[in-house]
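So the structure is just underneath, and the comments pick up after that.
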Amino acid sequence: MSLPIRKLIYWLSLVLCASAADVQWPVNGGPDNIRYSPLTQISPANVNRLQVAWTFDSHDAFKDSEMQSNPIVVEGILYATTPKLRVVAVNAETGREVWNFDPNNGQAPTRRYRHRGVTVYKDRVFFTHRNFLWALDRKTGKPIEAFGDNGRIDLRQGLGRPAENMTVSASTPGVIFEDMIIMGSTVPETLPGSPGHIRAFDANTGKLRWIFHTIPQPGEFGYNTWPKDAWKISGGANAWAGLSVDSKLGMVFAATGSASFDFYGANRIGDNLFADCVLALDAHTGKRVWHFQAIKHDVWDYDFPAAPSLVTVTRNGRKVEAVAQITKTGFVYVLDRRTGDPLFPIEYRKVPPSPVDGEKLSETQPYPVKPPPFTRQIITEDMLTTRTPEAHAGALAAFRKLNSKGIFFPPTVQGTLIFPGVDGGGEWGGAAFDPETALLYVNSNEMPWIARLVARDEKSAYKSNCASCHREDLKGTPPTFPSLVDIGQRLSRQEIAAIVRQGSGRMPGFASLGNPAITDIVDFLLTGKDSAGDPKRAAQDPNWLKYRTDGEVIFLDPDGYPAISPPWGTLNAIDLNQGEIRWKIPFGEFPELAAKGLKNTGSDNYGGPVVTASGLLFIGATNFDKKFHAYDKLTGKLLWEAELPAAGNATPSIYEINGREFVVIVCGGGKNGAPSGGSIVAFALPL
């Protein structure tokens, strides 16, 4: 068929479809947070003809920046956030910018942002920037003055602690129930901490409607799982990965993170409800309906990486509305949506105690019998890399100095391998669910991390508060934790102090340390000399702990590749009716290794999949090969791929305008040293 005839058919279809409603992508993760599209125009039969329909370049990329939005598409307009956290509204059919809003007032950010997009409700667009929740006019991008204080509210307010001492933001958009926007939060994983309470705000005025205390207060359920004053000082237990809402049941579902500090919990003895929980709340009131705790007294940073997926499965011949929760450990928990009862058996098994002074772990942890884990969960010598003899020898020498005894062996002074890893198993991209087949699709990392505890020096403000991330030698573990070596050549004393006090990007603020300790930290960074602290601080400061970590370090071979044998990343299809893995394939490559013949190794991957009614699974995510893929959803066969401008570390969106189906993904890169980008790319069949 000639090009003019194809175009004529397309324009005739626009006339015929003019009265048909467009198919939107209205919420983060799609309706029910299952990343499913009912569209069928793009199918296994024609997906190999996909081509770029339009590209939008934000021109906001900078070194190590990221861009993780799941684009929202409503009434023909696409909304997303850029690497510099501008909000952009783009014509979803052409890629032409309609408006943008810059909360930075044109100033370049000092650190990268990790942000997953916006919430669209009626006439407004909600998004977060640092500690503020903004409401913008959907048509113009201008702040809605009637919301909060001239268009924004301060998320640090209303938590029962001094706002100036806390760091609270939100990397994942909130959800809408009736006339409320319900928010989780991003809070520090270190101490001093901020509580991760879940809150509902009036979507019109910004006023607080209800709050659920994830760190329970006196008289509340779960209070006895913490020390008695934990509600005043402890942090974490936050739903940083977002929320899911069932409007029909009037319930909101959250998956919470670990308590702070992540790797040593001597000051929070107990199971620590509601950290590491799937939570079901009454969406009208915020009251607890049920909970399931997957990690008791977490010291591994095994926080839930994604919000629950609201699925319908078949059990014993009947349909059951459920939630499916992926994890960093490779487990999938399938729970009755109304009651929280597990749909597959869960065994509580004995786990090792901690050999570290002051630590007291739970004696048991839950193990789901089905589905089987979608990752390996322990490293043995025979699993170490054989990529080259030198790589194997280096990995073996390092391995023999570390503990590797399974997913629930705790961090130690010697060093413990956490596997699948702090960024292992499922990640924040979430899972896709196909309601036709009950297959759950999840991409996974298999990257071991080293958790080593070191005694804290109470006489050094830097070592006590900063070295866990930036290391004692200031070299950090870039790009996750940047080097502070020679920071005085890049920033002034005042700028360094402001970052320590207020935080920036992923880094929390440490205003609660007080001016003397902040001055000591800045002095050390500028001069290398440590001022002596108060020797009585350990007894006076409830946030002081005997141990900290020696940074978060991926277990790599001498050449910088994962120190275990592939696959280093996988893509999995899990049958939630039967509790079985239907298929598993390596996911991702390192181009330089593939050029030498070492292909299909898998790689670290960030961002989730989308499944379609036509039989396709779309996913970017792979960090180094920068590819966008389409697979047969029933077999895992690769049907099409294209190279993106930068890695698509985000979840795609699928929508239809004027009878034409589009698949769109943001391309931000920037993870683990990969090049950064700042564009949005939409694909469609040719006209």
Odd one out for Tyr113, checked against (1) at pLDDT 95 or above; (2) buried (at least 19 other Cβ atoms within 10 Å of the Cβ); (3) not basic (Lys, Arg): (1)
Subset tally (residues that are of a type in the set (A, V, I, L, M, F, W, C) and more than 21 Å from Glu97 (Cα to Cα)) for region 124-179: 14
Residue that is farthest from Tyr367 (Cα to Cα) [pool: residues in region 393-405 that are without any contact (Cβ under 8 Å) to a residue 40 or more places away in the chain and surrounded by fewer than 18 Cβ atoms within 10 Å (Cβ to Cβ)]: Ala393
Answer from Arg456, Arg387 - the residue that is of a type outside the set (A, V, I, L, M, F, W, C), in contact with a strand residue (DSSP E or B) (Cβ under 7 Å, 6 or more places away or on another chain) and touching a residue at least 40 places away in the same chain (Cβ under 8 Å): Arg456
Qualifying strands (runs of 3 or more DSSP E) (wholly inside region 163-248; at least 1 residues being modelled with pLDDT of 95 or more and surrounded by fewer than 23 Cβ atoms within 10 Å (Cβ to Cβ)): 175-177, 198-202, 208-212, 243-246
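Rundown of residues vs (1) over 24 Å from the mean Cα position of the chain (by Cα); (2) farther than 19 Å from Val663 by Cβ; (3) surrounded by fewer than 19 Cβ atoms within 10 Å (Cβ to Cβ); (4) not polar (S, T, N, Q), yes/no style:
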{"residue": "Val47", "(1), (2), (3), (4)": "yes, no, no, yes"}
{"residue": "Ser65", "(1), (2), (3), (4)": "no, yes, no, no"}
{"residue": "Ser69", "(1), (2), (3), (4)": "no, no, no, no"}
{"residue": "Gly76", "(1), (2), (3), (4)": "yes, no, yes, yes"}
{"residue": "Leu85", "(1), (2), (3), (4)": "no, yes, no, yes"}
{"residue": "Val90", "(1), (2), (3), (4)": "yes, no, no, yes"}
{"residue": "Val98", "(1), (2), (3), (4)": "yes, yes, yes, yes"}
{"residue": "Gly106", "(1), (2), (3), (4)": "yes, yes, yes, yes"}
Scope region 160-179; condition within 28 Å of Gly193 (Cβ to Cβ) and either more than 23 Å from the chain's Cα centre (by Cα) or of a type in the set (Gly, Ala, Ser) (or both); matching residues: Gly160, Arg161, Pro162, Ala163, Glu164, Asn165, Ser169, Ala170, Ser171, Gly174
Qualifying positions in region 256-267 - hydrophobic (A, V, I, L, M, F, W, C) and either crowded, with 24+ Cβ neighbours inside 10 Å or farther than 23 Å from Lys546 by Cβ (or both): Ala259, Phe261, Phe263
Matching strands (runs of 3 or more DSSP E) fully within region 558-633 where at least 2 residues are within 25 Å of the chain's Cα centre (by Cα) and closer than 21 Å to Glu661 by Cα: 609-612, 616-619, 627-632
Hits in region 268-277 (condition: buried (at least 24 other Cβ atoms within 10 Å of the Cβ) and on the phi < 0 side of the Ramachandran plot): Arg268, Leu273, Phe274, Ala275, Cys277
Enumeration of residues in region 361-376 that are over 25 Å from Asp557 (Cα atoms) and under 28 Å from the mean Cα position of the chain (by Cα): Leu361, Ser362, Thr364, Gln365, Pro366, Tyr367, Pro368, Val369, Lys370, Pro371, Pro372, Pro373
Long-range neighbours under 6 Å by Cβ, at least six apart or interchain, first residue among the basic types (Lys, Arg) within region 147-176, second outside any strand (DSSP E or B) and buried (at least 24 other Cβ atoms within 10 Å of the Cβ): Arg156/Met166; Arg156/Val168
Candidate set: region 299-335, residues that are of a type in the set (D, E, K, R) and touching a Lys or Arg at 6+ places or on another chain (Cβ under 9 Å); chosen: the one surrounded by the most Cβ atoms within 10 Å (Cβ to Cβ): Asp303
Candidates Gly636, Gly668, Gly648, filtered to the one that is part of a strand (DSSP E or B) and either farther than 18 Å from Val52 by Cα or in contact (Cβ under 8 Å) with a residue 24 or more places away in the chain (or both): Gly668
Flag if Ile379 is within 25 Å of the chain's Cα centre (by Cα), among the hydrophobic types (A, V, I, L, M, F, W, C) and closer than 30 Å to Phe261 by Cα: yes
Residue count for region 252-294, restricted to those that are touching a Cys at 6+ places or on another chain (Cβ under 9 Å) and either closer than 17 Å to Pro192 by Cα or in a loop (DSSP other than H, G, I, E, B) (or both): 2
Candidates Asn572, Asn543, filtered to the one that is closer than 28 Å to Val323 by Cβ and in contact (Cβ under 8 Å) with a residue 24 or more places away in the chain: Asn572
Any hit, region 449-470, residues being modelled with pLDDT of 80 or more, closer than 20 Å to Leu556 by Cα and assigned to a loop (DSSP other than H, G, I, E, B): no
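The values are calculated or read from the model by the stated rules, or taken from the named source; none is laboratory data. These numbers come from a predicted model, not from an experiment. We place every Cβ from the backbone using ideal geometry, glycine too, and count neighbours over all the protein chains shown.
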